[in-house]
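Report on one structure; see the data block that follows.
The values are calculated or read from the model by the stated rules, or taken from the named source; none is laboratory data. A quick note: this is a predicted structure, and the numbers were derived from the prediction, not measured. So basically every Cβ, Gly included, is an ideal-geometry build from the backbone, and we count neighbours across all protein chains shown.
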Amino acid sequence: MHLSHGRAIGLGFLLALVSGTPAHAANIELSGKQVYPESLSADADGTLYIGSAGDGGVLKVAPGTTDAVPWIAPAAYGSRSVLGVFADDARGLLWVCSDDLSSSKVASPGTGATALKAFDLKSGTGKVSIDLPGSDPFCNDIAIARDGAVYVTESTNGRVLKVSSDLRSLAVWAEDKQLLDVDGLAFGADGNLYVNTYAGNGFFRITVKDGTAAKITRLATPHPLFHPDGMRVVEGNTFLMVEGGGKLDRITVVGDQVVIETIMRLLEPAGVQRIGPTIWVAETQISVLFRENQAAVPKLPFRIVGVSPAAH
């Protein structure tokens, strides 16, 4: 769906995943029939944050545990369905994409407009709220550049938005028809922004020059992607990325091409985050949330799946 906060992940760790058989760590099971966990992020202490696209609000999991507890209540601070979440340790904030999904037959809580919001990482108090500009905007996911600037994917109009330095407004940073339904995003070590498009199944590099979007390049993939979604940087120009079609991938950019190594298959994942030796993946079940099959019901409990290297 529509999801960058990355801790540096050693390539040796990921090579162990793709060269051997990855093992399941203990999973995080979420109570409730409408959670639909869409995005994951972690702060410097290893606390995991889970955005709920169905119920709304944010859950959090303390380091070393698998107990998800409510943290930001549904509709708090004018929030709606929660998609992208991103822990900003430097500012002490959790950035949140808050969306009205009622047009997609999802009973989003609250009544506010689609907005980018931020909550205090310690108290959960709402601190920032910026309505997205433009026609019928959709706030999807969030990333922070090395200079601290905050970027947001806006899917409906194929745009990447940038937050002003005073955290009061959003401006269009990049816009292109190629980016319609733009979703996951992450900065590479080269300073460029990498994004994917959920419906368009594309993977793009947005070349950054002096802070501006200089060029948008669609990168060649060895095989078609299927609903690429949340992504996190590993190191260099290597990323973890999930595909809504059911995969956790390791993506490496080589020139204008990407190498794709599938780590594991999962149930309609949308969000990914690594903490220590474990990669956590949100099994969102997006097709059920958006009622693509009217008779479909979610497989319960909703899970955040833990993936670790196999013991050798």
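Table for the structure above
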{"item": "Residue that is nearest to Phe226 (Cα to Cα), among those in segment 247-269 that are charged (D, E, K, R) and not in a strand (DSSP E or B)", "result": "Glu268"}
{"item": "Selection within segment 265-312 - touching a helix residue (DSSP H, G or I) at 6+ places or on another chain (Cβ under 9 Å), surrounded by 18 or more Cβ atoms within 10 Å (Cβ to Cβ) and of a type in the set (Asp, Glu)", "result": "Glu268"}
{"item": "Residue count for segment 66-108, restricted to those that are farther than 16 Å from Val35 by Cα and touching a Pro at 6+ places or on another chain (Cβ under 6 Å)", "result": "0"}
{"item": "Where Asp88 falls short, out of the listed (1) of a type outside the set (Phe, Trp, Tyr); (2) buried (at least 22 other Cβ atoms within 10 Å of the Cβ); (3) out of contact with any His (no Cβ under 7 Å at 6 or more places or on another chain)", "result": "(2)"}
{"item": "The listed residue being within 20 Å of the chain's Cα centre (by Cα) and modelled with pLDDT of 95 or more, out of Leu14, Leu40, Leu3", "result": "Leu40"}
{"item": "Residue that is farthest from Thr252 (Cα to Cα), among those in segment 197-230 that are touching a strand residue (DSSP E or B) at 6+ places or on another chain (Cβ under 6 Å) and hydroxyl-bearing (Ser, Thr, Tyr)", "result": "Tyr198"}
{"item": "Residue check, Asp136 among the acidic types (Asp, Glu) and either closer than 21 Å to Arg303 by Cβ or within 19 Å of the chain's Cα centre (by Cα) (or both)", "result": "no"}
{"item": "Output for segment 233-248, where each listed residue is surrounded by 22 or more Cβ atoms within 10 Å (Cβ to Cβ) and not hydrophobic (A, V, I, L, M, F, W, C)", "result": "Glu243, Gly244"}
{"item": "Positions within segment 149-182 being touching a Lys or Arg at 6+ places or on another chain (Cβ under 9 Å), buried (at least 23 other Cβ atoms within 10 Å of the Cβ) and part of a loop (DSSP other than H, G, I, E, B), in sequence order", "result": "none"}
{"item": "Check on Gly124, at positive phi, surrounded by fewer than 19 Cβ atoms within 10 Å (Cβ to Cβ) and within 20 Å of the chain's Cα centre (by Cα)", "result": "yes"}
{"item": "Top-ranked residue of segment 218-232 - restricted to ones that are buried (at least 22 other Cβ atoms within 10 Å of the Cβ) and not acidic (Asp, Glu), ranked as farthest from Ser41 (Cα to Cα)", "result": "Leu225"}
{"item": "Selection status of Val208, at pLDDT 95 or above and either under 21 Å from Asn157 (Cα atoms) or not in a strand (DSSP E or B) (or both)", "result": "yes"}
